Structure formats: structure tokens, C-alpha cells
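Colleague: Pasting a structure below so you can have a look.
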Amino acid sequence: MSKRVVATKPEHLFDRAVEWDGLVSFASRRARTAQLGIVSGRRRMGKTYLLRALVERCGGFYFGATTATGAESLRQFGAAVAEFTGAEVPISFGNWDHAMAYLFGLAARDRADAPMLVVIDEFPYLVKAVPELPSLVQREVDRYQTESSGIRMLLCGSAMSVMGGLLASNAPLRGRAQLELVVRPFGYRDAAEFWDVAADPALAVRLYAVLGGTPAYRRQFLADDVPATLDDFDPWMCRTVLSPLSPLFREARYLLAEEAEIRDTALYHSVLAAVAQGNNTRGGIAGYIGRKSVDISHPLTVLEDCHLLAREQDVFRAGKSVYRITEPLITFYEAVMRPAWARLESGQAQQVWARSKERFAAQVAGPHFEAMCREFMLGDGIEMLGPDAEFGDVGCGVVTDPVARKQVQIDVAVTHSGDGGRKAAVSLIGEAKWGVTMGVNHLDRLDRARELLAGSGWDVSNCRLACFSGAGFSDALRQRADKDPNVLLVGLAELYGRQ
């Protein structure tokens with residue numbers, strides 16, 4: 001057993017500074033009572049990599065569960081405890097009740113005055129085989145609130161529906177955790193640095209639109225096969241994501257199949273395909289798959305619980321919302337790969353990709369670029385609104401034009417709720433175009449939307465108009481922006497902080 005907590009983040013651990021500091025703080029906490037933490041996140045985010053590094057630095061007990069029966073898992077657990085304690089003979093537990101009591105007792109007996117880190121990874125595997133396990137953990141945590149214990153237990157898992165339920169409603173562990181950490185994908189800037197493509201924003205956007213910020217894809221799946229230049233992107237796509245010889249080829253299917261709550265995968269793939277093709281409202285999804293809206297409530301809820309689908313509120317229309325796929329590889333699979341699956345399996349990656357460029361731009365890169373622009377406004381983009389700009393809600397929405405009988409889609413909006421007699425305000429509305437050189441017509445549409453918002457009661461006195469483009473801006477639009485400080489032009493250089 002290691003005795004000393006070393007807080008320095010290992011050099012091989014890319015980014016994750018906030019997560020690392022939070023875990024080290026938890027592991028070294030000097031409280032004399034049992035402490036519980038929950039670590040979750042979608043698969044391939046590097047949770048195990050992070051926790052193993054933590055155990056190496058801080059010392060402690062690590063157990064990685066596998067898909068097994070409760071009895072087999074108990075034997076594996078006993079072997080791991082024996083190795084940790086240095087026992088000369090294997091430790092055999094009669095049941096999980098005894099196992100948890102022994103582990104907590106070990107921390108109370110040997111480490112009552114010093115933290116003892118305990119990590120149980122892939123906890124959902126154990127819960128599936130031993131449903132009473134959360135209750136057993138709860139009993140021990142409660143017991144060592146009145147007795148001294150140095151245990152710092154981290155329960156980790158990727159099945160988001162299971163991990164989210166550990167602390168929900170009347171679950172046994174509700175109110176017992178002192179740490180709840182979700183390990184998320186890298187943001188688009190961090191992902192570009194991770195893939196060593198930050199110097200080429202056009203390549204970085206394309207790569208991020210396909211693989212997102214999932215760290216495992218680079219080293220574990222592709223063995224550091226990274227597109228060298230933008231010209232190499234197409235060949236790279238054909239030899240990796242679209243190749244039946246690549247581990248990434250079936251990854252999108254596995255991501256769905258691995259979720260415990262998903263049984264009818266055909267229905268869930270249809271729901272995701274509907275969203276990937278632009279049918280992102282409840283009614284649109286139901287119409288696409290030929291069901292009534294009420295019939296898709298359950299699959300939508302399950303996909304949200306699994307963090308594969310997110311519902312985003314319309315910032316201008318109360319009660320209206322749209323759905324967005326959170327995993328880029330699933331969007332790419334549903335839009336590009338699934339319709340041509342038989343051809344891809346037969347090795348026709350080049351032919352399929354050549355015929356999919358427009359679909360990729362419209363259904364994958366375009367929506368993903370819009371999400372990146374909103375992420376930008378949540379970060380450095382706020383500086384574009386001035387040094388005194390207030391933080392606001394960032395989202396998207398629709399502005400209805402009753403005169404023209406049409407709707408204006410706002411891809412990026414920064415809004416502020418009204419309070420203290422102050423009207424709700426809009427400080428920015430923007431349009432994002434991935435493959436289109438934006439012109440004055442795009443700005444005029446935003447100007448009209450601003451007028452409509454003013455007419456419906458919003459305060460737009462400080463509202464700027466923003467054009468986000470991956471292909472550039474016309475000379476006429478640049479001239480307008482030069483003359484009007486309330487017009488903002490944001491290209492790839494600005495998005496990646498390279499201006």
C-alpha cells in the first residue's frame with residue numbers, strides 16, 4: 001500500500017487538469033468519515049486511464065469488473081483484495097455482503113487516520129450481476145459516518161443510465177456522494193491539439209465532425225494514424241473509419257449495443273437516423289420512423305439517459321425544443337455509413353465516400369460546425385461582446401416572421417433572462433455556414449430577425465449580429481463589418497484562436 005499522495009498530473013495524461021485536481025483532492029481528503037465518489041462518462045473517454053494513473057500516484061486499491069456472474073466476480077474481487085493487502089493465501093468471501101464489510105473495515109482498521117483510495121471500475125457490470133450491491137455500499141457508508149474510516153471509494157462506469165441512477169430519486173446511494181465527476185469528450189480546441197492538427201483548422205473541423213473529442217480513438221483504435229494534411233483526409237477516411245478492417249468501422253453500432261437499457265436496436269437506430277437527417281423535433285422523428293409521437297417517448301428518454309441524445313430548448317419559443325446527437329461518430333454512421341453499409345462491407349469505401357461528400361457537408365459537418373460555434377460563444381467568444389458583457393445563455397432557436405410567413409433559423413444566440421423589471425435581452429444572434437461563403441444576404445436575414453425580436457418584446461439594444469463561416473466572407477460583407485461594430489465575422493482562425 002502506497003502511503004503518500006503525489007498530486008502532480010502524469011505527463012502522459014493529456015489535458016484533464018480539472019478532473020485530475022478534483023480526484024486528487026477527493027483521494028487525499030482528511031475527513032475521518034467514509035467518502036464516496038461517482039465517476040461516469042461515455043465509453044472511450046479515458047476514465048480507466050485516468051483512474052489507473054490516480055491509483056499509481058496516490059496508492060490504493062483498484063478493481064476492474066468484467067462481464068461475469070456474481071460468484072465469479074466475487075472470486076476476482078477476493079483475489080484483487082488479497083494482492084492489495086499482501087495476503088499469502090487467496091481471500092475467499094462468502095458473499096458480497098462480507099466483501100464490502102471487509103473492504104470498509106480494512107480502511108477503518110488500518111487507515112482510520114489516513115485516506116485509503118478504493119476504485120471499483122465498470123461498476124455497472126457488478127450491479128447487473130449483483131443488484132443489491134449499491135445497497136450494501138450504502139449500508140457501509142452510513143455505518144462509517146459515525147465510526148472513523150479513511151476509505152475514499154470511487155465507483156466508475158460507462159453505462160450512463162446505470163450510473164445516473166445511482167444517485168437519483170430514491171436510489172440507495174442518493175445523498176451519500178461527496179464527488180460526482182462526469183468525464184466528458186475533449187472540446188474542439190483540445191481535440192485539435194490532441195490529434196496534432198491545430199495548425200490546420202480546416203482539417204481539425206472535419207476530423208472533429210467525424211470522431212469528436214473521444215481520446216481512445218487516436219491511440220487505441222487507430223494506433224496514431226492521423227491525417228497528415230487536408231489532402232490526406234479523404235484517403236485517411238477510406239483506410240480508417242470506412243474500412244471494414246478498422247476497429248472504428250463498427251464502433252457506432254457497438255456504442256448503441258453496449259447500453260444496458262437499449263434492447264430494440266433497430267428502433268433506436270431509426271430514431272438516431274431521423275435526427276441525423278435533420279428531423280430533430282419530436283414530431284419530425286415520429287413521422288420519419290412511421291410512429292406516433294407518444295410511441296417514441298421511451299426511446300427518446302433512454303437515449304437522453306445514455307447521453308447519446310440531447311434535447312436543446314429553443315431560446316426564443318418556450319416549450320419548443322430540438323434533439324441533437326451528442327456522439328459525432330453516430331451522426332456520421334447514420335448519415336453516411338448506414339445507407340451504404342453493404343457496399344462498405346464489400347470494400348467500396350472510396351466509391352461510397354466519393355458519393356457522400358454533399359451528404360457529409362450538409363448532415364454531418366454543417367450541424368457540427370453550428371455546435372462548435374455555440375461552444376465558442378460559451379468560451380472565448382464572450383470577449384467579442386466587449387469587456388463588460390454579461391454571461392448569458394447560449395443556444396439556438398427560431399424567430400417567426402408573420403409578414404413573410406416564414407421562420408428565421410438562429411444557429412447561435414446569447415440571451416439574458418429578465419429580472420427585477422428588466423426585459424429579457426439578446427446580446428447576439430448569429431448564423432453559421434460550414435461550406436458557404438457568407439454574404440450580405442445572410443446579414444440582412446439576421447437584421448430582420450433582430451427587428452422581429454424587438455417587436456416581440458426582447459431588448460435588442462445591445463444585440464450584435466454574427467456570421468460564422470467555414471468558407472469565408474464576401475468582400476461586401478467584410479466592408480459592412482468594417483463600418484458597423486455591431487457586425488461580427490467569425491472564421492476558422494477565430495474559432496481556433498489563431499487570428
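Colleague: Being among the polar types (S, T, N, Q), at pLDDT 95 or above and over 30 Å from Glu375 (Cα atoms) narrows it down to one residue among Ser135, Ser149; which is it?
Modeller: Being among the polar types (S, T, N, Q), at pLDDT 95 or above and over 30 Å from Glu375 (Cα atoms) holds for just one of Ser135, Ser149, which is Ser135.
Colleague: If you don't mind, there's one more thing I want to ask. Tell me which residues, restricted to segment 203-229, are exposed (fewer than 15 other Cβ atoms within 10 Å of the Cβ) and farther than 30 Å from Val24 by Cβ.
Modeller: Ala223, Asp225, Ala228, Thr229
Colleague: Are any of the residues in segment 443-457 closer than 14 Å to Cys373 by Cβ and surrounded by fewer than 14 Cβ atoms within 10 Å (Cβ to Cβ)?
Modeller: For segment 443-457, residues closer than 14 Å to Cys373 by Cβ and surrounded by fewer than 14 Cβ atoms within 10 Å (Cβ to Cβ): absent.
Colleague: Name the single residue, out of those in segment 474-494 being in a helix (DSSP H, G or I) and under 33 Å from the mean Cα position of the chain (by Cα), that is surrounded by the fewest Cβ atoms within 10 Å (Cβ to Cβ).
Modeller: Once the filter is applied, the top-ranked residue is Ala493.
Colleague: Right, here's the next one. Within segment 353-364, which residues are among the aliphatic types (A, V, I, L, M) and either assigned by TED's automatic domain parsing to the domain that holds Glu334 or surrounded by fewer than 21 Cβ atoms within 10 Å (Cβ to Cβ) (or both)?
Modeller: Selection gives Ala354, Ala361, Ala362.
Colleague: Only one residue in Val412, Val399, Val408, Val352 is in contact with a helix residue (DSSP H, G or I) (Cβ under 6 Å, 6 or more places away or on another chain) and farther than 22 Å from Trp458 by Cα. Which one?
Modeller: Just one listed residue meets the conditions, Val352.
Colleague: On to the next question. If a residue has to be modelled with pLDDT of 95 or more and either among the polar types (S, T, N, Q) or over 15 Å from Asp484 (Cβ atoms) (or both) to count, how many in segment 460-472 make the cut?
Modeller: So the count comes out to 5.
Colleague: Suppose we keep only residues that are in contact (Cβ under 8 Å) with a residue 60 or more places away in the chain and of a type in the set (Gly, Ala, Ser) within segment 243-289. Which one would you say is farthest from Gly157 (Cα to Cα)?
Modeller: Gly278
Colleague: Of everything in segment 175-224 that's charged (D, E, K, R), touching a helix residue (DSSP H, G or I) at 6+ places or on another chain (Cβ under 7 Å) and assigned to a loop (DSSP other than H, G, I, E, B), which residue is nearest to Gly41 (Cα to Cα)?
Modeller: Arg176
Colleague: Further question on the same structure: Restricting to segment 216-232, name every residue that is among the hydrophobic types (A, V, I, L, M, F, W, C) and either in contact with a His (Cβ under 9 Å, 6 or more places away or on another chain) or farther than 12 Å from Trp195 by Cβ (or both).
Modeller: Ala216, Phe221, Ala223, Leu230 - these are the residues of segment 216-232 that are among the hydrophobic types (A, V, I, L, M, F, W, C) and either in contact with a His (Cβ under 9 Å, 6 or more places away or on another chain) or farther than 12 Å from Trp195 by Cβ (or both).
Colleague: Checking Leu126 against (1) modelled with pLDDT under 95; (2) under 21 Å from Glu258 (Cα atoms): exactly one of these is not met. Which one?
Modeller: Exception for Leu126: condition (1).
Colleague: Picking from Leu126, Leu136, Leu167, Leu155, which residue would you name as being more than 16 Å from Gly37 (Cβ to Cβ) and in contact with a strand residue (DSSP E or B) (Cβ under 8 Å, 6 or more places away or on another chain)?
Modeller: Answer to the selection: Leu126.
Colleague: Let me ask another. Take Ala34 and tell me if it is touching a strand residue (DSSP E or B) at 6+ places or on another chain (Cβ under 6 Å), small (Gly, Ala, Ser), under 27 Å from Pro131 (Cβ atoms) and in contact (Cβ under 8 Å) with a residue 12 or more places away in the chain.
Modeller: When the stated conditions are applied, Ala34 passes them.
Colleague: I'd like to verify a number: residues in segment 215-242 that are among the aliphatic types (A, V, I, L, M) and without any contact (Cβ under 8 Å) to a residue 40 or more places away in the chain, how many?
Modeller: So the count comes out to 5.
The values are calculated or read from the model by the stated rules, or taken from the named source; none is laboratory data. All values derive from a computational prediction rather than experimental measurement. Please note: Cβ atoms are built from the backbone with ideal geometry, for glycine as well, and neighbour counts cover all protein chains shown.
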